[in-house]
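Structure, as structure tokens:
Taken together, the values in this text are just the output of simple stated rules run on the coordinates, not laboratory data. If you're wondering where the values come from, they're calculated on a predicted model, not measured in any experiment. All Cβ positions, glycine included, derive from the backbone under ideal geometry; neighbour counts span all protein chains shown.
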Amino acid sequence: MESCICLLFSDFNTGRSLGEQTLQLILEGKSSSVAPGMRRSATLPKLTPQERKPVDTCARYLLNNAKYLKYDD
């Protein structure tokens, strides 16, 4: 899905990629805390509306479906 963006920069504290950490949070049912971070990541580098559209689409999906994205229950 084009709207799902995975950041591949390493977190040197854990050795895991940010994408890996983000996926873990989503699988733990914390997608509602992931979505705002995604939007901030799109705002800080001043992406154009067209560039940030996939991020907003994915964030909206995560927020709208948060109650179904709890795979650790």
Item to complete: Restricting attention to segment 42-73, report how many residues are surrounded by 15 or more Cβ atoms within 10 Å (Cβ to Cβ) and charged (D, E, K, R).
Response: 2
Item to complete: Pairs only if they're at least six apart or on different chains, beta carbon under 7 angstrom, first in segment 42-66 and touching a residue at least 24 places away in the same chain (Cβ under 8 Å) and on the phi > 0 side of the Ramachandran plot, second part of a helix (DSSP H, G or I) and exposed (fewer than 15 other Cβ atoms within 10 Å of the Cβ); list them, first residue then second.
Response: none
